[in-house]
Structures are given as structure tokens and as C-alpha cells.
Amino acid sequence: MSSVIEELRSRAAGRPRRILLPETQDPRILEAASLLDQQNLAIPVVLARRDCPNRDALGGLEVIECDDSRLVDACAQQLFENRQHKGLSLEAATEAVRDPLLYAALLVKIGAVDGAVAGSVASTSSVIRAALHGVGMTEGCKTVSSFFLMQFPDRAVTFSDCGVVPSPDARQLAEIAISAAESHRILTGQIPRVAMLSFSTLGSAEHDEVDKVRQALDLVKQWQPELMIDGELQFDSAWVPEVAARKAPGSPVAGQANVFIFPDLNSGNIAYKITERLGGAQALGPLIQGLQRPFMDLSRGCQVQDIVDVAVIASNLAV
């Protein structure tokens, strides 16, 4: 079985997208951009000023000028439209666009590029802030969250949220589930089967935290009744068919889930790291979801191949 990232690379090579890498000051970014270009996995685009001292290092990469007056004006106008309800003036928007991260997010929003990858230099909070102000949320969604693709030898599954929302309420948890199901569908081509995880299975325990999961499930069923989802489920009920047959007979998800929604960041973050370190799965992420267009975050400790892989994922999400 080929891994999900191999399949995504093959798909990306068939229709390379314009992926912006704004942190040009990082040599890892330039190396990753060169690899993306050489392997035809994306059309890498970098940001630079006309007087950039390392301009020669950009080689034959496509460059968007930070001081391109046409694009700056278009981005400032877009930011003004996005934020005028918050009292932002066009003059202030023009000044704000000097921030490369925000400029990158707005370039994604106006369609100058198909997606962007940042965070090798900037913090996650800075990347998400730029994404919120620039790209904006998916229609009907108010929660930016994250997911991990967990690659096992025989399958790939999605874990969410393991990197952004510390203690989601029922509405946020429902939106995380819907976003993760869509992310899984796009990237794996599978029909998502979503398990809302808890320490209880279908009423085996009573607690406020269990109630939150049940409330989130009810919301998802109201908003997307066609989505295959069930809960609350303990992980063994969601993963092991034999356990599911005993604990959740008749469930359309139990024992065959491929999208796992954790009730809080503690459980999600711990689970993905245990799955990676003890279970031997490859963890791809955290990958940002809930935005209108792909604007991906990186760990500041990322390797060049990590940047390439996240750019490939961004390219696949740019549908």
C-alpha cells in the first residue's frame, strides 16, 4: 500500500498549484521551494523586496514583490473589506499589509496564489492571526482548528484537534468534526467515518465532559445529517471491530472509524504523540483547517522535507 503522502505527491504533480512561501529569509524555505520546483510538486512562489540582499539565492523561483504597488493596493483593499466592521481604515490597512505574513494571507484570499505555507520562522499564533485576518473562515465555520494525518502501514486516519483549540465547547467541537471530515475526504479520497471520542461509550458513563461530546454530536447531525458520525465512543470501540460489536452494536462508525475527534487539546495532543512514538505511525501535521483557502502552519523546528510535504498537502487542499 502506498502512503497517503506518496499519493498526495502524485496527485499534486498532476496539477501543480501556486504555493506561496513567504519566509524567504529562512534557507530551509528556499531549499524546499527548489525541491518543489524540481519535482514538479507545486509552483513555488516566494516573497522578496526588490532590494533583497539574497535575491541571487532565489534562482529561477517565481517572486512576488513585497512592494508591488498593484498587489499591495489590492491586498489593502481586501483587508479593508475584511476588517472595516472592526473600525479599520483603508490607510491603516495599507500600513498593515507591510507585514509579510498578512500580505501572504491576503495574496491567498485575492487568488494571486492558491495557498501558502508559513511558520518556519513565525509562531503558530502569528500564522493563525494572519490567516484569520487575511484568508478568513470557511462559510458557516467560526473555529480554526488543526488535524494530523496519521499514516499506518495499512491505512491513514485523521486526528483532530491536536494543536490549536485547548478546550472546545460543544459548538467548536462540532465544527472541528465537520472540518476534519472534509479534510480527510479531500486528502485520502475516503468516505469519512467520524468518531466523537470520550471516556464513555454510548451512555456507559455520565459526566459534564461526556455531555459536551453528545451535544456536539447533536449539532453535527443537525448541520450535516448525511455525515457518517457517531458518539460518544471510547477509542477501542471506535477502532476495534470486536470491541465495537460488544459495546456499540449497530453503530455505523464503531470499529471502522477513520476520523477521530478528541474532546480537548490535552487528549488529542497526547494521543497523536503516543500513536507516533509507540504506535509507529507517521504524523503529518498539525495542518490548519476551517479557512476558506489553504494557509498552513509549520513547526519552527521543521526539516526541509516537512516543508515540502506541507506544501504538497496545501496544493491538494486547493480544490
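For (1) surrounded by 21 or more Cβ atoms within 10 Å (Cβ to Cβ); (2) assigned by TED's automatic domain parsing to the domain that holds THR275; (3) of a type in the set (Asp, Glu); (4) modelled with pLDDT under 95, each residue gets a yes or a no:
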{"site": "VAL210", "(1), (2), (3), (4)": "no, yes, no, yes"}
{"site": "LEU217", "(1), (2), (3), (4)": "yes, yes, no, no"}
{"site": "LYS221", "(1), (2), (3), (4)": "no, yes, no, no"}
{"site": "GLN224", "(1), (2), (3), (4)": "no, yes, no, no"}
{"site": "LEU227", "(1), (2), (3), (4)": "no, yes, no, no"}
{"site": "GLY231", "(1), (2), (3), (4)": "yes, yes, no, yes"}
{"site": "PHE235", "(1), (2), (3), (4)": "no, yes, no, no"}
{"site": "TRP239", "(1), (2), (3), (4)": "no, yes, no, no"}
{"site": "VAL243", "(1), (2), (3), (4)": "no, yes, no, no"}
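Do the conditions hold for LYS247, that is, is it in contact with an Asp or Glu (Cβ under 9 Å, 6 or more places away or on another chain) and either assigned by TED's automatic domain parsing to the domain that holds ALA195 or touching a residue at least 60 places away in the same chain (Cβ under 8 Å) (or both)?
Taking the combined requirement at face value, the residue satisfies it.
Scanning segment 278-301 for residues that are part of a helix (DSSP H, G or I), crowded, with 23+ Cβ neighbours inside 10 Å and either in contact (Cβ under 8 Å) with a residue 24 or more places away in the chain or under 12 Å from the mean Cα position of the chain (by Cα) (or both) turns up nothing.
Comparison of ALA181, ALA170, ALA174 shows that the only residue that is crowded, with 24+ Cβ neighbours inside 10 Å, under 21 Å from GLY268 (Cα atoms) and free of Cβ contacts under 8 Å to residues at least 60 places away in the same chain is ALA174. Residues in segment 83-122 that are among the polar types (S, T, N, Q) and either in contact with a helix residue (DSSP H, G or I) (Cβ under 6 Å, 6 or more places away or on another chain) or within 30 Å of ARG15 (Cα to Cα) (or both): THR94, SER120. Among the candidates VAL45, VAL4, the residue that is of a type in the set (Val, Ile, Thr), under 30 Å from PHE152 (Cβ atoms) and under 20 Å from the mean Cα position of the chain (by Cα) is uniquely VAL4. Of all the residues in segment 129-159, those that are surrounded by 21 or more Cβ atoms within 10 Å (Cβ to Cβ) and under 22 Å from ILE307 (Cβ atoms) number 14.
The values are calculated or read from the model by the stated rules, or taken from the named source; none is laboratory data. Bear in mind the structure is a predicted one, so any value in this text is a computation, not a measurement. Note: ideal-geometry Cβ built from the backbone for every residue, glycine included; neighbour counts use all protein chains shown.
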